[in-house]
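The values are calculated or read from the model by the stated rules, or taken from the named source; none is laboratory data. Quick caveat, the model's predicted, so the values are computed rather than measured. Cβ atoms come from the backbone with ideal geometry, glycine included; neighbour counts cover every protein chain shown.
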Amino acid sequence: MSRGSTSPLKASFMRRFIARNAPAYAFLTPWLLGFFLLALGPILASLYLSFTRYDMVNAPKWVGLANYEYMFTRDRRFWKALNVTFTYVALAVPARLIMALGVAMLLDKGLRTIGLYRAIFYLPSLLGASIAIAILWRQLFAADGVVNAVLGYFGIQGAAWITNPDTSLYTLVVLAMWQFGSPMLIFLAGLRGIPKDLYEAAEIDGTPKWRQFTRITLPLLAPVIFFNLVLQTIEAFKTFSSAFIISNGTGAPADSLLFYTVYLFNEAFKFFRMGYASALAWVLLIIIAIFTAISFLTSKYWVHYENERD
Amino acid sequence: MAGLTLRNVGKRYGALSIIQGLNLDIHDGEFLVLVGPSGCGKSTLLRMIAGLEDISEGTVAIGNKIVNDLPASKRELSMVFQSYALYPHMSVAKNLAFGLQNFKMPKAEVDRRVAEAARILQIEKLMDRKPRQLSGGQKQRVAIGRAIVREPKLFLFDEPLSNLDAELRVQMRAELASLYTRLGTTMIYVTHDQVEAMTMASRIVVLRGGKIEQVGTPQELYEKPQNLFVAGFIGSPKINMLKAKVSDNQAVVDGLPAFALPTLGTTDQELTLCVRPGSVRIGSGKVTAEGTVKLVEYLGNETLMHVTLSSGQVLLVSDNGKVGYRTGDPVTIGFDPFDLHYFNAAGQRIEPIENEGIIQ
């Protein structure tokens with residue numbers, strides 16, 4: 001047949017396609033706009049900017065790899081920021097996960113008002129990201145703060161926790177530990193998924209509680225631990241608001257709270273070195289990607305999935 | 001090995017009473033089956049013996065030792081769970097060895113026992129597999145193996161075969177029975193399946209609503225059920241129950257001609273007469289009645305016929321004849337009053353005082 005018959009067919013197909021899918025696209029539009037304009041666009045723009053010098057007033061000037069070269073060879077604050085961030089991640093992630101698992105195991109014992117407890121225990125996580133809690137935290141650990149007052153009752157001479165560069169980072173680790181809510185809920189769901197009769201069988205076989213924990217609970221919880229580990233590691237690398245508030249936005253004292261993101265923020269919005277800040281952002285992205293990849297690559301040696309294919 | 005003594009055992013959850021005043025002696029080396037419908041408390045009772053549930057009232061003694069306050073691990077027993085409860089992340093070999101390692105047993109002894117259990121259960125080739133790589137029957141063997149390696153004084157089984165398909169269940173039933181013969185250890189076995197109970201048990205305990213209905217050998221339960229519940233529960237196909245009015249030592253049953261009763265030690269006017277389908281015959285008998293074939297189930301070695309009497313009641317007739325009855329055919333059924341079980345108005349068994357007057 002001639003072209004005359006195919007083009008109405010094509011047209012009708014298009015009409016049908018639009019008629020069928022238009023509502024879906026209509027509903028997707030806000031998200032698509034947000035994604036392209038507010039996420040993907042800026043991400044790609046920042047990749048470009050990382051190869052430029054850009055002060056937000058004059059047009060970006062292409063400098064090639066100069067930003068990266070400076071970062072790795074001459075910028076001592078960059079290395080300091082990495083040091084602070086890595087130390088924080090190494091301490092805060094295990095601390096939070098252990099805390100979360102501990103609380104989840106307590107709640108898993110089946111309290112009568114468990115719903116209420118779950119909500120209460122989750123509260124710090126809701127509040128934790130807020131500026132108010134960071135400010136509160138600064139007050140708590142100040143030289144004349146509550147923590148020292150309590151220690152004083154026991155005759156312990158408290159320190160100026162936040163203004164002392166040797167201890168300031170640990171106050172943030174404690175804050176991270178306190179925000180155990182979301183991994184705790186995930187652990188709780190994971191614990192609920194372990195069949196009770198495994199513990200009963202172990203009990204009858206005389207398995208001590210600790211061995212039940214290490215040989216049954218931990219291995220069967222491994223997928224959940226892995227999930228929480230990856231998520232919390234990413235989260236910890238990105239820690240910003242608490243560090244920013246407690247260090248007064250500078251990373252003080254003595255750069256002991258110079259988190260990577262705080263440094264990045266200052267470079268971008270205080271010194272308006274947008275090109276350099278973009279380069280910092282991309283390096284952080286790559287660091288996080290590497291850590292996530294390592295987690296996934298090692299997971300096959302310690303994560304057991306129940307429904308795994310053979 | 002050990003016997004068990006249960007005295008006035010009760011279990012309650014708050015106001016809800018699951019088991020009341022239960023007394024039971026379990027002999028050393030017997031295969032005792034707890035059977036009953038769902039919710040009769042049989043699993044709860046087993047778990048109380050195991051130490052997985054508290055004992056609300058009374059005492060449980062293993063051997064001569066009261067174990068109420070003894071933790072499960074100290075009761076020297078093994079349990080096989082309905083779900084098998086295998087550790088999913090451990091190989092078969094590790095599953096078998098896990099319980100032994102708790103007792104700091106020398107490795108050579110652990111290996112010996114694991115190998116022995118694997119040989120008995122023929123799972124030697126599966127030792128490196130994970131539970132998810134096993135079929136239901138293989139998982140069941142591993143679960144039993146895990147119980148065997150402990151060399152316990154007492155085995156507990158909680159509906160171990162109910163997750164298997166019919167063919168495998170029959171096979172595992174026979175294997176469990178031969179395992180029992182071989183080990184000779186006391187076993188307590190919970191099931192809702194009366195066929196399992198009948199085929200494996202030394203003695204059966206029929207439970208209902210947390211109380212013992214009857215304890216006895218399979219034969220005793222089948223031949224002399226103490227009450228209507230046991231009569232109806234034990235035996236497949238199910239026993240026929242006929243409501244009878246008694247006057248002048250004559251039984252009047254709807255759909256049947258009146259017939260003479262043996263001398264019964266009761267003054268009850270209303271009795272229930274039970275007759276097993278195998279004791280009802282086609283075509284002849286001391287008492288006969290006309291009926292219509294409602295359904296024919298051909299099972300090969302027997303044919304089960306559902307016959308509707310003129311009263312509307314359906315009798316099950318197990319017939320080994322090759323008579324080709326079909327649905328809708330008129331049929332004469334008959335039985336001998338000697339084969340009847342008699343139950344009084346309260347549903348309790350009454351024995352004929354003597355069988356004279358009944359021609360045998």
Note to self: One residue is enough: does the stretch A:247-267 have a residue meeting the conditions among the acidic types (Asp, Glu) and on the phi < 0 side of the Ramachandran plot?
What the structure shows: yes
Item checked: Cβ pairs under 9 Å, 6+ apart, first in the stretch A:143-156 and among the polar types (S, T, N, Q), second surrounded by 13 or more Cβ atoms within 10 Å (Cβ to Cβ) and not in a helix (DSSP H, G or I) -> A:148/A:141; A:148/A:142; A:148/A:158; A:148/A:159; A:148/A:160; A:148/A:161
Notebook entry, point to check: Does residue B:284 satisfy being at pLDDT below 95, under 27 Å from residue B:229 (Cβ atoms) and outside any strand (DSSP E or B)?
Noted result: no
Notebook entry, point to check: If residue B:349 satisfies every condition in (1) under 27 Å from the mean Cα position of the chain (by Cα); (2) at pLDDT 90 or above; (3) over 23 Å from residue B:243 (Cβ atoms) but one, which is the exception?
Noted result: (3)
Margin query: Among the residues of the stretch A:194-204, are any in contact (Cβ under 8 Å) with a residue 24 or more places away in the chain, surrounded by fewer than 22 Cβ atoms within 10 Å (Cβ to Cβ), within 13 Å of chain B (Cβ to nearest Cβ) and closer than 24 Å to residue A:299 by Cβ?
Written below: yes
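Being within 14 Å of another protein chain (Cβ to nearest Cβ) and in contact (Cβ under 8 Å) with a residue 60 or more places away in the chain is the filter here; which residues of the stretch B:45-77 pass it?
Pass one, the stretch B:45-77, residues within 14 Å of another protein chain (Cβ to nearest Cβ): B:46-54, B:62, B:67, B:70-77.
The answer is B:46, B:47, B:49, B:50, B:62, B:75, B:76, B:77.
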Notebook entry, point to check: Being more than 14 Å from chain B (Cβ to nearest Cβ), under 24 Å from residue A:173 (Cα atoms) and either surrounded by 19 or more Cβ atoms within 10 Å (Cβ to Cβ) or hydroxyl-bearing (Ser, Thr, Tyr) (or both), is that true of even one residue in the stretch A:265-275?
Noted result: yes
Next item on the list: Grab the strands (runs of 3 or more DSSP E) fully contained in the stretch B:130-231, keeping just those with 3 or more residues being over 23 Å from residue B:72 (Cβ atoms) and more than 14 Å from every other protein chain (Cβ to nearest Cβ).
Entry: B:203-208, B:211-216
Notebook entry, point to check: Conditions: (1) more than 14 Å from every other protein chain (Cβ to nearest Cβ); (2) closer than 27 Å to residue B:82 by Cα; (3) among the hydrophobic types (A, V, I, L, M, F, W, C). Residue A:279 meets all but one. Number of the miss?
Noted result: (2)
Checklist line | Filter result for residue B:148 (within 16 Å of residue A:201 (Cβ to Cβ) and touching a strand residue (DSSP E or B) at 6+ places or on another chain (Cβ under 7 Å)) | finding: no
Next item on the list: Could you check residue A:150 against (1) more than 24 Å from the chain's Cα centre (by Cα); (2) within 14 Å of chain B (Cβ to nearest Cβ) and say which number it fails?
Entry: (2)
Margin query: For the stretch A:60-79, check the following and say yes or no: at least one residue is over 30 Å from residue A:176 (Cβ atoms), of a type in the set (A, V, I, L, M), assigned to a loop (DSSP other than H, G, I, E, B) and at pLDDT 90 or above.
Written below: yes
Checklist line | Which listed residue, of B:256, B:295, is touching a residue at least 12 places away in the same chain (Cβ under 8 Å), of a type in the set (A, V, I, L, M) and part of a loop (DSSP other than H, G, I, E, B) | finding: B:256
Item checked: Complete set of residues in the stretch B:310-342 that are over 30 Å from residue B:353 (Cβ atoms) and aromatic (Phe, Trp, Tyr) -> B:325
